[in-house]
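Asks: Handing you a structure now.
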Amino acid sequence: MLYSSRVRLIHRTSGTQLANSARDFLAIEGLPVSELTQLLDHAQRLLPSAVGDEPANEVLRGRVVANIFFEDSTRTRVSFEVAARRLGADVVNLGASGSSASKGETLVDTARNIEAMGVDALVVRTSISGGAQLVAQAVDCPVINAGDGRHEHPTQALLDCLALRLRLGALQGARVAIVGDIANSRVARSATHALVRLGAHVVIVGPPALVPSGFAELCKGPGTITITHDLDAIIQEIDAIMMLRVQLERAAGTGIAPDYRAAYGLTVARMAKLRSGVPVLHPGPVNRGVEIDDAVADDTARSVILAQVSCGVAARMAVLVRALDR
Ligand code: NCD
């Protein structure tokens, strides 16, 4: 199977693409709810092996996963690597600096060259919105989107939903606030697609300049999307709150407004208004003292930030198995 797919690559003369879309993981948008639920259930079962409490079933032994990360990353890149290794796969890592991207080679050319070495799956992070899809159209092996520009970050949505589900029990009917720079956040887009699909009510909160006007129409039910610019107006009504970083690298203005923390930061005073048991999420990296206070990020009763990171390994294991196990 493996061998024949490589021979296919060598003999390909027409440029015809061999569809592999069922094993790609490019976006939550369009993912059937049954697949979303299956991935979450699988990730939840994998959690003990993801964090090393149990040995994992090394179903990907002998496979090679390439992490192509053309944007900086700490959690996502390491988490994909840990996930692949737990499953017995080998991992190679490529960044923009130190690769021929710095000489002008495109993402797609890079991906095609890595695939030609017989790699079994590509995990791609890029600043190009839609970049993972471009790669998927150009290669035969499965492609996993690890964050593409402002578009989607589908494995982050899986881990967010898993962390929420473990904390809240169920997502159906839960009111989840997503607060901050919505306009530039692939995390917000993917999380909203997933949560609405799973029946949660998403409350988008941020300054008018950082909330796209059409965001409430991003996707259709069974859950809902509402938008507000007033965090204090909804803080006592929510079941979970996800704080986001202002993404200055995506042209979110020249800086953070001096009154940003006062209006949209999860300060200690604001945290005190949350109902008991309401978890605080953040995808990281955290800008302490801006969108979230130190004492909130480190509050062991409220903050599930590190639990999200653990869930991330399990979610990525589930996605890698979906991509490669056969
Ligand atoms: C996020 C990302 O890169 O989109 N981080 C992550 O993957 N954990 C959010 C961010 O960079 O603020």
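Asks: For the range 95-128, enumerate the residues that are away from the ligand (no atom under 16 Å from the Cβ) and surrounded by 19 or more Cβ atoms within 10 Å (Cβ to Cβ).
Replies: 107, 110, 111, 114, 115, 119, 120, 121, 122
Asks: Of the residues 183, 163, 136, only one is within 17 Å of the chain's Cα centre (by Cα), crowded, with 24+ Cβ neighbours inside 10 Å and of a type in the set (Gly, Ala, Ser); which?
Replies: 163 is the lone residue from the list that is within 17 Å of the chain's Cα centre (by Cα), crowded, with 24+ Cβ neighbours inside 10 Å and of a type in the set (Gly, Ala, Ser).
Asks: How many of the residues making up the range 187-199 are crowded, with 21+ Cβ neighbours inside 10 Å, in contact with a Pro (Cβ under 9 Å, 6 or more places away or on another chain) and free of Cβ contacts under 8 Å to residues at least 40 places away in the same chain?
Replies: Adding up the residues that qualify gives 1.
Asks: So, one more: Condition check: under 15 Å from residue 121 (Cβ atoms), among the small types (Gly, Ala, Ser) and more than 17 Å from the chain's Cα centre (by Cα). Does residue 88 satisfy that?
Replies: For residue 88, the condition - under 15 Å from residue 121 (Cβ atoms), among the small types (Gly, Ala, Ser) and more than 17 Å from the chain's Cα centre (by Cα) - is met.
Asks: Residue check, residue 101 against (1) free of Cβ contacts under 8 Å to residues at least 40 places away in the same chain; (2) small (Gly, Ala, Ser); (3) not in a helix (DSSP H, G or I), all met but one. Which one?
Replies: (3)
Asks: Let me spell it out: the conditions are (1) within 18 Å of the chain's Cα centre (by Cα); (2) surrounded by fewer than 20 Cβ atoms within 10 Å (Cβ to Cβ); (3) among the aliphatic types (A, V, I, L, M), and residue 59 meets all of them except one. Which number is the exception?
Replies: Only one criterion is unmet by residue 59, namely (1).
Asks: Follow-up. Do we find that residue 121 is assigned by TED's automatic domain parsing to the domain that holds residue 219 and among the small types (Gly, Ala, Ser) in this structure?
Replies: Against the criterion (assigned by TED's automatic domain parsing to the domain that holds residue 219 and among the small types (Gly, Ala, Ser)), residue 121 does not qualify.
Asks: Let me ask something else. Would you mind finding the one in 176, 205, 143 that is touching a strand residue (DSSP E or B) at 6+ places or on another chain (Cβ under 6 Å) and outside the structural domain of residue 286 (by TED's automatic domain parsing)?
Replies: Unique residue meeting the criteria: 143.
Asks: Looking only at the range 67-88, how many residues end up being touching a residue at least 60 places away in the same chain (Cβ under 8 Å), away from the ligand (no atom under 13 Å from the Cβ) and out of contact with any strand residue (DSSP E or B) (no Cβ under 6 Å at 6 or more places or on another chain)?
Replies: Residues meeting the conditions: 4.
Asks: When residues of the range 39-56 are filtered for being part of a loop (DSSP other than H, G, I, E, B), buried (at least 17 other Cβ atoms within 10 Å of the Cβ) and either within 16 Å of the ligand (Cβ to nearest atom) or at pLDDT 95 or above (or both), how many remain?
Replies: Residues in the range 39-56 being part of a loop (DSSP other than H, G, I, E, B), buried (at least 17 other Cβ atoms within 10 Å of the Cβ) and either within 16 Å of the ligand (Cβ to nearest atom) or at pLDDT 95 or above (or both): 0 in total.
Asks: Does the range 182-202 hold any residues that are in contact with a helix residue (DSSP H, G or I) (Cβ under 8 Å, 6 or more places away or on another chain), closer than 24 Å to residue 257 by Cα and assigned to a loop (DSSP other than H, G, I, E, B), and which are they?
Replies: Within the range 182-202, 182, 183, 184 meet the criteria.
Asks: Exactly one condition in (1) of a type outside the set (Gly, Ala, Ser); (2) over 21 Å from residue 289 (Cα atoms); (3) in contact with a strand residue (DSSP E or B) (Cβ under 7 Å, 6 or more places away or on another chain) is false for residue 198; which is it?
Replies: (3)
Asks: Which residues, taken from the range 294-311, are within 16 Å of residue 161 (Cα to Cα) and of a type in the set (Val, Ile, Thr)?
Replies: If the condition is that a residue be within 16 Å of residue 161 (Cα to Cα) and of a type in the set (Val, Ile, Thr), then 304, 305, 309 are the ones that fit.
Asks: Still on this structure: Only one of these conditions is not met by residue 91: (1) part of a strand (DSSP E or B); (2) within 14 Å of the ligand (Cβ to nearest atom); (3) aliphatic (A, V, I, L, M). Which number is it?
Replies: Looking at each condition in turn, residue 91 falls short on (2).
Asks: Please return the ranges of helices (runs of 4 or more DSSP H) entirely within the range 203-310 where 2 or more residues are surrounded by 17 or more Cβ atoms within 10 Å (Cβ to Cβ) and within 16 Å of the ligand (Cβ to nearest atom).
Replies: Here the list reads 260-264.
Asks: Restricting attention to the range 129-173, report how many residues are within 10 Å of the ligand (Cβ to nearest atom), more than 17 Å from residue 66 (Cβ to Cβ) and hydrophobic (A, V, I, L, M, F, W, C).
Replies: The qualifying residues number 1.
The values are calculated or read from the model by the stated rules, or taken from the named source; none is laboratory data. Being a predicted model, the structure only gives us computed values, none of them experimental. Glycine also receives a Cβ, built like all others from the backbone with ideal geometry; neighbour counts cover every protein chain displayed.
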